[in-house]
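First up is the structure itself, then whatever we jot down about it.
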Amino acid sequence: TVVEKKKPGRTWASVGAAAGSYMPDVGAGGAVPSSLSANPSPSSSMAVQQPSEGTSYSIGVLVGKQFGSRIQLQAGLTYMNQRADYTSNVVSIADSKVALLQPSATLGSSGYGFTSSYTVNSSTNYLSVPLQVRYLIVDRRIGLAVNAGLATDLFLTNTLSDASGQRQPFTQH
């Protein structure tokens, strides 16, 4: 059996894609103005129900380079989109925009009010910058490696839109 040794300095590129489902964490918020929970009103009720299971997909490009005979470095860019539906009964009174509150939040005199329940489509986009270092412990036909890495996820946008089209969408950048 001939074992081909990899040459130091070798460079490669890869494209990857993934899709799946996820359960959104409503408590993480982000699209909710903090002023909504600042002046709670005892007469207001919970404004958001638990979301349905969402979907997620990502696509990325990675580039790698080998340094010496045992160390590899890989980095790239990945775009990720997460979508989920919520039920809300909150709307911005001033401009009839979609509004989504955290389950524990209540309304005060902040320009938001209650309306009949409607479905909110939430779409969140991220750009991720992964970096991974690999050390090859055994470099044979079947190898053994130790990997260490990190990824910085940069928030791009979150858009909330009314599924019926009656209310204006709200986008946070």
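Each value in this text was obtained by applying a stated rule to the coordinates, not by laboratory testing. In this text the structure is predicted, and so the values were computed from the model without any measurement. When we count neighbours, we look across all protein chains shown, and the Cβ atoms used for this are built from the backbone with ideal geometry, even at glycine.
Between Ser128 and Ser52, take the C-beta separation as r, use R0 = 30 Å, and let me know the FRET efficiency to the nearest 0.05.
On the way: r = 25 Å, r/R0 = 0.82.
The pair Ser128/Ser52 has a calculated efficiency of 0.75.
How would you rank 16-23, 79-86, 162-169, highest first, on the average number of other Cβ atoms within 10 Å across their residues? It would help to have the intermediate numbers written out before the result.
Details: 16-23: 10.2, 79-86: 17.0, 162-169: 13.8.
Peptide ranking by packing, descending: 79-86, 162-169, 16-23.
With a/c under 1.5 counting as rounded, go ahead and sort segment 58-97 into rounded, prolate or oblate using the C-alpha gyration tensor (a ≥ b ≥ c being the square roots of the eigenvalues; past the cut-off, prolate if a/b is larger than b/c, else oblate). It comes out prolate by the Cα gyration axes.
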